[in-house]
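Data first, discussion second: the structure below is written as C-alpha coordinates.
The values are calculated or read from the model by the stated rules, or taken from the named source; none is laboratory data. These numbers come from a predicted model, not from an experiment. Here the Cβ positions follow ideal geometry from the backbone for every residue, glycine too, while neighbour counts run over all protein chains shown. SASA here: full protein model, heavy atoms, side chains in, ligands and nucleic acids out. Shrake-Rupley method; radii C 1.70, N 1.55, O 1.52, S 1.80 Å.
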Amino acid sequence: MKNNTLKTILFILITFCAKTQAQIADPAAYLSDIKKELNTVWPKNRTINLVFHGHSVPSGYGDNHLVHTLEAYPNLLLKTLKEKYPYAVINVIVTAIGGEDAIRGQARFEKDVLPHKPDVLFIDYALNDRFSPLDKVRDAWEKMIKSALANHIKVILLTPSPDQRIDISDPTNPLDPYAEQIKSLAVTYKTGLADPYTPFKKIVKEGNVKNYMTSINHPNKEGHMIIVGAIKLYFY
(Lines give C-alpha, C1' and ligand atoms only; values in the text may rest on other atoms or scores of the structure.)
Protein backbone atom coordinates (compact mmCIF):
# COMPACT_ATOMS: atom_id res chain seq x y z
CA MET A 1 0.00 0.00 0.00
CA LYS A 2 2.76 2.41 0.98
CA ASN A 3 4.76 1.55 -2.16
CA ASN A 4 1.72 2.38 -4.30
CA THR A 5 1.34 5.69 -2.47
CA LEU A 6 5.00 6.53 -3.08
CA LYS A 7 4.64 5.69 -6.79
CA THR A 8 1.62 7.98 -7.00
CA ILE A 9 3.52 10.77 -5.25
CA LEU A 10 6.47 10.40 -7.62
CA PHE A 11 4.05 10.65 -10.56
CA ILE A 12 2.58 13.85 -9.08
CA LEU A 13 6.04 15.36 -8.65
CA ILE A 14 7.10 14.50 -12.20
CA THR A 15 3.83 15.87 -13.58
CA PHE A 16 4.25 19.06 -11.55
CA CYS A 17 7.76 19.60 -12.87
CA ALA A 18 6.65 18.97 -16.44
CA LYS A 19 3.97 21.64 -16.10
CA THR A 20 6.21 24.25 -14.51
CA GLN A 21 9.65 23.69 -16.01
CA ALA A 22 9.03 26.37 -18.64
CA GLN A 23 8.76 28.89 -15.82
CA ILE A 24 11.02 27.68 -13.02
CA ALA A 25 14.50 26.31 -13.52
CA ASP A 26 14.32 23.12 -15.57
CA PRO A 27 14.90 20.20 -13.14
CA ALA A 28 16.75 18.25 -15.83
CA ALA A 29 19.19 21.05 -16.63
CA TYR A 30 19.43 23.42 -13.63
CA LEU A 31 22.17 21.46 -11.84
CA SER A 32 23.92 20.13 -14.95
CA ASP A 33 27.29 21.57 -13.87
CA ILE A 34 26.85 20.16 -10.37
CA LYS A 35 25.89 16.74 -11.74
CA LYS A 36 28.99 16.78 -13.92
CA GLU A 37 31.10 17.46 -10.82
CA LEU A 38 29.33 14.69 -8.91
CA ASN A 39 30.29 12.24 -11.66
CA THR A 40 33.93 13.33 -11.75
CA VAL A 41 36.42 10.79 -10.41
CA TRP A 42 39.37 11.50 -8.11
CA PRO A 43 41.81 13.22 -8.47
CA LYS A 44 39.86 15.63 -10.67
CA ASN A 45 36.79 15.84 -8.45
CA ARG A 46 36.08 18.33 -5.69
CA THR A 47 33.83 18.55 -2.65
CA ILE A 48 30.23 19.60 -3.33
CA ASN A 49 28.56 21.57 -0.54
CA LEU A 50 24.80 21.25 -0.09
CA VAL A 51 23.51 23.77 2.46
CA PHE A 52 20.06 23.49 4.04
CA HIS A 53 18.76 26.71 5.57
CA GLY A 54 15.48 26.64 7.43
CA HIS A 55 13.61 25.59 10.54
CA SER A 56 13.07 22.41 12.57
CA VAL A 57 12.15 20.13 9.67
CA PRO A 58 15.53 20.13 7.89
CA SER A 59 17.10 20.05 11.37
CA GLY A 60 15.40 16.69 11.95
CA TYR A 61 13.24 17.51 14.96
CA GLY A 62 10.72 14.89 16.00
CA ASP A 63 8.55 14.27 19.03
CA ASN A 64 9.54 15.52 22.52
CA HIS A 65 12.33 17.66 21.01
CA LEU A 66 14.31 14.61 19.88
CA VAL A 67 16.44 15.37 16.82
CA HIS A 68 16.64 12.58 14.25
CA THR A 69 19.50 13.96 12.18
CA LEU A 70 20.07 10.85 10.09
CA GLU A 71 16.35 10.47 9.31
CA ALA A 72 15.91 14.08 8.18
CA TYR A 73 15.80 14.86 4.49
CA PRO A 74 19.26 16.48 4.19
CA ASN A 75 20.99 13.24 5.21
CA LEU A 76 18.45 11.01 3.49
CA LEU A 77 19.16 12.99 0.34
CA LEU A 78 22.88 12.43 0.89
CA LYS A 79 22.30 8.68 1.10
CA THR A 80 20.21 8.79 -2.08
CA LEU A 81 22.80 10.85 -3.96
CA LYS A 82 25.65 8.59 -2.90
CA GLU A 83 23.83 5.65 -4.44
CA LYS A 84 23.71 7.52 -7.74
CA TYR A 85 27.10 9.24 -7.51
CA PRO A 86 29.50 6.77 -5.85
CA TYR A 87 32.62 8.79 -6.72
CA ALA A 88 31.32 12.08 -5.31
CA VAL A 89 32.48 13.87 -2.18
CA ILE A 90 29.37 15.60 -0.79
CA ASN A 91 29.10 17.74 2.31
CA VAL A 92 25.64 18.15 3.83
CA ILE A 93 25.63 21.34 5.90
CA VAL A 94 22.53 22.21 7.94
CA THR A 95 22.26 25.83 9.03
CA ALA A 96 18.64 25.39 10.12
CA ILE A 97 17.37 26.38 13.57
CA GLY A 98 14.23 24.94 15.13
CA GLY A 99 11.42 27.47 15.49
CA GLU A 100 12.97 29.99 13.14
CA ASP A 101 11.21 31.77 10.29
CA ALA A 102 12.60 33.34 7.11
CA ILE A 103 12.79 36.81 8.61
CA ARG A 104 15.21 35.64 11.30
CA GLY A 105 16.93 33.28 8.88
CA GLN A 106 17.62 36.15 6.50
CA ALA A 107 19.10 38.25 9.31
CA ARG A 108 21.89 35.70 9.81
CA PHE A 109 22.21 34.60 6.19
CA GLU A 110 25.42 36.45 5.34
CA LYS A 111 27.11 35.26 8.54
CA ASP A 112 25.89 31.68 8.82
CA VAL A 113 25.24 30.49 5.26
CA LEU A 114 27.56 32.16 2.74
CA PRO A 115 30.81 31.21 4.54
CA HIS A 116 30.02 27.55 3.76
CA LYS A 117 30.31 28.33 0.03
CA PRO A 118 27.23 26.35 -1.02
CA ASP A 119 27.12 24.77 -4.44
CA VAL A 120 23.39 24.29 -3.90
CA LEU A 121 21.33 26.13 -1.30
CA PHE A 122 17.97 24.82 -0.08
CA ILE A 123 15.60 27.23 1.69
CA ASP A 124 12.79 25.76 3.82
CA TYR A 125 10.90 28.18 6.08
CA ALA A 126 7.25 28.19 5.02
CA LEU A 127 5.90 26.12 7.91
CA ASN A 128 6.89 28.85 10.39
CA ASP A 129 6.47 31.80 8.02
CA ARG A 130 2.69 31.56 8.25
CA PHE A 131 2.86 33.45 11.57
CA SER A 132 4.38 36.52 9.87
CA PRO A 133 2.95 38.95 7.27
CA LEU A 134 3.19 37.60 3.73
CA ASP A 135 4.92 40.70 2.36
CA LYS A 136 7.63 40.70 5.03
CA VAL A 137 8.20 37.01 4.46
CA ARG A 138 8.56 37.60 0.70
CA ASP A 139 11.08 40.34 1.35
CA ALA A 140 13.18 37.99 3.50
CA TRP A 141 13.10 35.18 0.92
CA GLU A 142 13.98 37.62 -1.87
CA LYS A 143 16.98 38.95 0.02
CA MET A 144 18.32 35.42 0.57
CA ILE A 145 17.68 34.41 -3.04
CA LYS A 146 19.33 37.54 -4.46
CA SER A 147 22.34 37.18 -2.18
CA ALA A 148 22.80 33.53 -3.17
CA LEU A 149 22.43 34.21 -6.90
CA ALA A 150 24.88 37.11 -6.67
CA ASN A 151 27.39 34.59 -5.30
CA HIS A 152 26.71 32.14 -8.16
CA ILE A 153 24.94 29.65 -5.90
CA LYS A 154 22.22 27.39 -7.26
CA VAL A 155 19.04 27.80 -5.22
CA ILE A 156 16.20 25.35 -4.63
CA LEU A 157 13.15 26.64 -2.75
CA LEU A 158 11.00 24.24 -0.76
CA THR A 159 7.27 24.38 -0.18
CA PRO A 160 6.13 23.26 3.29
CA SER A 161 5.57 19.86 4.81
CA PRO A 162 2.34 19.39 6.83
CA ASP A 163 1.22 20.56 10.23
CA GLN A 164 -1.57 18.23 11.41
CA ARG A 165 -3.42 21.15 13.00
CA ILE A 166 -4.03 22.47 9.47
CA ASP A 167 -6.06 20.82 6.73
CA ILE A 168 -3.77 21.57 3.81
CA SER A 169 -6.21 19.88 1.43
CA ASP A 170 -8.46 22.91 2.02
CA PRO A 171 -7.34 25.69 -0.38
CA THR A 172 -8.30 28.32 2.20
CA ASN A 173 -5.84 26.99 4.78
CA PRO A 174 -3.26 29.48 6.16
CA LEU A 175 -0.24 27.70 4.64
CA ASP A 176 -1.46 27.90 1.06
CA PRO A 177 -0.60 31.58 0.39
CA TYR A 178 2.95 30.96 1.60
CA ALA A 179 3.35 27.88 -0.58
CA GLU A 180 2.04 29.81 -3.59
CA GLN A 181 4.38 32.69 -2.84
CA ILE A 182 7.36 30.31 -2.86
CA LYS A 183 6.29 28.99 -6.26
CA SER A 184 5.99 32.58 -7.49
CA LEU A 185 9.50 33.39 -6.25
CA ALA A 186 10.90 30.36 -8.06
CA VAL A 187 9.30 31.63 -11.28
CA THR A 188 10.50 35.20 -10.75
CA TYR A 189 14.11 34.26 -10.04
CA LYS A 190 14.24 31.09 -12.21
CA THR A 191 15.43 29.01 -9.26
CA GLY A 192 14.74 25.39 -8.56
CA LEU A 193 11.52 24.45 -6.77
CA ALA A 194 11.02 21.33 -4.69
CA ASP A 195 7.30 20.99 -4.00
CA PRO A 196 6.51 18.36 -1.33
CA TYR A 197 3.42 20.39 -0.41
CA THR A 198 1.53 19.07 -3.44
CA PRO A 199 1.93 15.33 -2.70
CA PHE A 200 1.38 15.97 1.00
CA LYS A 201 -1.95 17.57 0.09
CA LYS A 202 -2.97 14.30 -1.54
CA ILE A 203 -1.84 12.33 1.51
CA VAL A 204 -3.87 14.60 3.81
CA LYS A 205 -6.93 14.33 1.57
CA GLU A 206 -6.70 10.54 1.69
CA GLY A 207 -6.48 10.63 5.49
CA ASN A 208 -3.03 9.02 5.65
CA VAL A 209 -0.88 11.90 6.92
CA LYS A 210 -0.28 10.33 10.37
CA ASN A 211 1.69 7.59 8.63
CA TYR A 212 4.20 10.22 7.55
CA MET A 213 4.50 12.25 10.77
CA THR A 214 6.45 11.72 13.99
CA SER A 215 4.79 14.66 15.78
CA ILE A 216 2.08 17.21 15.15
CA ASN A 217 4.27 19.24 12.78
CA HIS A 218 7.36 17.13 12.04
CA PRO A 219 7.64 14.37 9.43
CA ASN A 220 8.97 10.91 10.25
CA LYS A 221 11.47 9.16 7.98
CA GLU A 222 8.75 8.29 5.45
CA GLY A 223 7.60 11.92 5.44
CA HIS A 224 11.14 13.14 4.93
CA MET A 225 11.46 10.76 1.98
CA ILE A 226 8.57 12.61 0.32
CA ILE A 227 10.72 15.74 0.52
CA VAL A 228 13.74 13.83 -0.81
CA GLY A 229 11.62 12.72 -3.75
CA ALA A 230 10.79 16.34 -4.56
CA ILE A 231 14.45 17.39 -4.41
CA LYS A 232 16.13 14.51 -6.17
CA LEU A 233 14.41 15.31 -9.48
CA TYR A 234 17.07 18.00 -9.84
CA PHE A 235 19.92 15.52 -9.42
CA TYR A 236 18.65 12.76 -11.73
In segment 86-110, anything crowded, with 16+ Cβ neighbours inside 10 Å and either in contact (Cβ under 8 Å) with a residue 60 or more places away in the chain or of a type in the set (S, T, N, Q) (or both) is listed as THR95, GLN106
Would you call VAL51 aliphatic (A, V, I, L, M), open to solvent by 10 Å² or more (accessible area, probe 1.4 Å) and either assigned to a loop (DSSP other than H, G, I, E, B) or on the phi < 0 side of the Ramachandran plot (or both)?
no
Flag for HIS65 being more than 17 Å from the chain's Cα centre (by Cα), under 18 Å from ILE153 (Cα atoms) and open to solvent by 30 Å² or more (accessible area, probe 1.4 Å)
no
GLU100 meets each of (1) more than 22 Å from ALA25 (Cα to Cα); (2) assigned to a helix (DSSP H, G or I); (3) more than 15 Å from the chain's Cα centre (by Cα) with one exception, condition (2)
When the residues of segment 140-185 are narrowed to those that are in a loop (DSSP other than H, G, I, E, B) and of a type in the set (Ser, Thr, Tyr), which ends up most open to solvent (accessible area, probe 1.4 Å)?
THR172
Residue, farthest from ASP129 (Cα to Cα), within segment 196-205, restricted to residues that are open to solvent by 10 Å² or more (accessible area, probe 1.4 Å) and in contact (Cβ under 8 Å) with a residue 60 or more places away in the chain:
LYS202
What pairs can you find where one residue is in segment 215-228 and within 12 Å of SER56 (Cβ to Cβ), the other is in a loop (DSSP other than H, G, I, E, B) and among the polar types (S, T, N, Q), and their Cβ atoms are less than 7 Å apart, with a gap of 6+ or different chains?
ILE216/GLN164; ASN217/GLN164; PRO219/SER161
Reported set for segment 124-139 where residues are closer than 17 Å to LEU193 by Cβ and not in a loop (DSSP other than H, G, I, E, B) is ASP124, ALA126, LEU127, ASP129, VAL137, ARG138
Given the conditions (1) open to solvent by 30 Å² or more (accessible area, probe 1.4 Å); (2) in contact with a helix residue (DSSP H, G or I) (Cβ under 9 Å, 6 or more places away or on another chain); (3) not in a helix (DSSP H, G or I), every one holds for TRP42 apart from (2)
Considering only residues of segment 111-139 that are under 17 Å from the mean Cα position of the chain (by Cα) and acidic (Asp, Glu), which is surrounded by the fewest Cβ atoms within 10 Å (Cβ to Cβ)?
ASP119
